[in-house]
Amino acid sequence: MDQKVKEYVTEKVKELMESPTCCAEAKAACQSWLEADGTDREAELAGKLVAELEEDIMPIDGLIAFAGSEMGAQVFGEEKAKSVLAHGEEIKAAGAVYCDCPACAAVEAILGKKEEILA
């Protein structure tokens with residue numbers, strides 16, 4: 001991986017790990033990838049990182065469906081769920097493909113470099 005791409009991805013991985021909306025599995029995959037830098041496991045763990053992030057990123061339609069559901073109301077609280085739903089619909093109308101929470105934004109940026117990461 002090109003050094004500039006590696007620096008960019010490393011920055012975004014750290015942003016993801018610091019995000020309050022990052023799940024434990026993604027944090028673990030990020031930490032493993034960071035620790036593998038320069039080792040013979042780097043490529044393997046890059047693949048695992050990408051696979052985990054592809055599973056974790058929330059498509060905008062999924063966010064909208066969740067926020068509008070009973071489960072969404074239970075998780076967010078009724079008022080916050082309505083707010084998340086409205087926000088999701090607004091950003092979808094503006095062309096968003098994914099949720100724009102800090103974790104999903106970082107994941108989208110990382111996955112934008114997927115080919116370079118896996119090369």
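The values are calculated or read from the model by the stated rules, or taken from the named source; none is laboratory data. Since this is a predicted model, take the numbers as computed values, not measurements. Virtual Cβ from ideal backbone geometry, glycine too; neighbours counted across all protein chains shown. When the accessible area is computed, the model is the full protein with side chains, heavy atoms only, and any ligands, DNA or RNA have been set aside. Shrake-Rupley method; radii C 1.70, N 1.55, O 1.52, S 1.80 Å.
Adding -39500 (n - 2.57) for every DSSP H run of four residues or longer, then dividing by how many residues the chain holds, sets the calculated 222 nm ellipticity at -22500 deg cm²/dmol.
Would you please classify the overall shape of the chain from the alpha carbon gyration tensor, given that a ≥ b ≥ c denote the square roots of the eigenvalues, rounded means a/c under 1.5, and beyond that prolate means a/b larger than b/c while oblate covers the rest? It comes out prolate by the Cα gyration axes. For the stretch 30-85, trypsin sites (Lys or Arg not before Pro) are listed when DSSP marks them as loop and at most 15 other Cβ atoms sit within 10 Å of their Cβ; the list is ARG41.
The value of relative contact order for the chain, using C-alpha pairs under 8 Å at least six residues apart, is 38 percent.
Excluding ligands, DNA and RNA, the accessible surface per residue across the stretch 36-100 is 61 Å² with a 1.4 Å probe.
Stretch GLN3-LYS92 to full length: gain in nm at 0.36 nm per residue minus the Cα-Cα span? This chain segment gains 28.7 nm when fully extended.
Once backbone amide H atoms are built at 1.01 Å from N, TYR98 has ILE60 as its partners under 5 Å, excluding neighbours fewer than 5 places away on the same chain.
Explain nothing, just the number: dipole magnitude of the chain about its Cα centre with +1 on each Lys and Arg Cβ and -1 on each Asp and Glu Cβ, in debye rounded to the nearest 20.
Numbers: 12 positive and 25 negative charges, 29 e Å.
With only Lys, Arg, Asp and Glu charged at Cβ, the dipole is about 140 debye.
Apolar share of the accessible surface for the chain: 52 percent from carbon plus sulfur atoms, 1.4 Å probe.
Shape of the stretch 1-54 from the C-alpha gyration tensor: oblate (a/c of 1.5 or more and a/b not above b/c, with a ≥ b ≥ c the square roots of its eigenvalues).
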